[in-house]
1. Roughly how many Å is it from the Cα centre of the range 282-317 to that of the range 105-157, as a whole number?
2. Kindly write out, for the range 259-267 in residue order, the coupling ³J(HN,Hα) from the Karplus curve 6.51 cos²θ - 1.76 cosθ + 1.60 (θ = phi - 60°), rounded to whole Hz, with x marking Gly and Pro.
3. Viscosity 1.306 mPa s, temperature 10 °C: Stokes-Einstein D of the chain from its Kirkwood Cα radius, in µm² per second?
4. Taking Lys170 as the anchor, which lysines have their alpha carbon closer than 24 Å to its alpha carbon, excluding any fewer than eight residues away along the same chain?
5. Residue-wise, which Karplus ³J(HN,Hα) couplings in Hz belong to the range 151-158, taking 6.51 cos²θ - 1.76 cosθ + 1.60, θ = phi - 60°, and x for glycine or proline?
6. Quick one: if you stick a label point 7 Å off each Cα along the C-beta vector at Phe167 and Asp276, how many nm between them?
7. At 0.36 nm per residue, and after removing the present C-alpha to C-alpha distance, how many nm does the segment from Ala219 to Ser28 gain when stretched out fully?
8. Please get the size of the charge dipole for the chain, origin at its Cα centre, with Cβ charges of +1 on Lys and Arg and -1 on Asp and Glu, quoted in debye to the nearest 20.
Amino acid sequence: PVVFVTRNVPDAVEARLRRGYTPRINDSDRALSADDIVAGAEGADALVVTPPDKVTAEVIDRLPGSVKAIGCFSVGTNHVDLDAAKARGLVVTNTPGVLTEATADIAMLLILGATRRAWEGQAMLRGDDWHGWTPTQLMGVELSGKRLGILGMGRIGQAVARRAEGFGLKVHYHNRRRLSPDEARGATYHDTPESLLAVSDILSLHCPATPETQGFLNAERIERLPTDAVVINTSRGDVVDDDALIAALRSGRLFAAGLDVFVGEPNIHPDYRKLDNAYLLPHLGSATVETRNAMGFKVLDNLDAFFAGQEPPDRVA
Ligand code: 8YV
């Protein structure tokens, strides 16, 4: 089968792709327009799509009839209109599980980086602006004994909770489903997001981007957080109202934010770059060699199953 791949993939994944398919790989790191995706899909049997390339209802409508399946190179599927895909009979798959640990590591990095002002320290050193140690220099927030609020206690939220225990954080969470005691490992359940916000010295967002979670962390909800709280986001930028978060960081209502995901990536809200208390990463959550290989192999496991006439293990539509 011919497969149009919207972004380049790790060498090991490409090698396996070439063994079973005729790949057409877009080599550029620029986001593709609807026209680019439709043109790339010409004559293809399947697409492999990585966010932020968007497969909207319009794109799905314009896809050539040869396309039967879409493999998301991601666990998140908000870049694909699943209803439109379903209506057209397209099979869509994703890559759950394999990026859990890498993403949880990045959440911890953001927690540490934001609370300990790591970026300000880097900037000071690299800008040749360090004039010596003083007892008041770059004082941060200590993790031990603080409350970590996890919104969305799925695989990644639970992996962050496991790591947080080692740092002496007390874990609280809200999730649509209350976890079993084994899964919760002593974390305190909150039956509403609002109740969780009130105790979250550090709030870490791990919910998917859906119409329900769109702009969840708005000005009113930020006000519910404790004074000097820290906000961490490794899920999707859409869960945060950028203007509200930026205003709270600027005014000092929040101590800091650690963000790996943004609305409109890669064109993030320009004001984030002006804030010393915003610790920013360019969507590195799953960016390890091990995880990106595993994600690619999962995409291919799903395509292999589909083209063998079997049920793909990670079908989402
Ligand atoms: C990257 C992610 O966006 O899996 C996801 O949903 O957000 C990340 O892993 C990306 O998909 C990697 O190509």
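1. What the calculation gives is 33 Å, centre to centre.
2. Each residue's phi maps through the Karplus curve to give 10, 10, 9, 8, 5, x, 3, x, 8 Hz.
3. Estimated via Stokes-Einstein, D reaches 76 µm²/s.
4. Counting by Cα, and skipping residues close in sequence, Lys170 has these lysines nearby: Lys146.
5. 9, x, 9, x, 4, 6, x, 5
6. In this crude label model, Phe167 to Asp276 measures out at 2.2 nm.
7. 65.0 nm
8. 580 debye
Quick note: the coordinates plus some simple rules give every number you see, no bench work behind them. If you're wondering where the values come from, they're calculated on a predicted model, not measured in any experiment. Note that we place each Cβ from the backbone using ideal geometry, even for glycine, and neighbour counts take in every protein chain shown.
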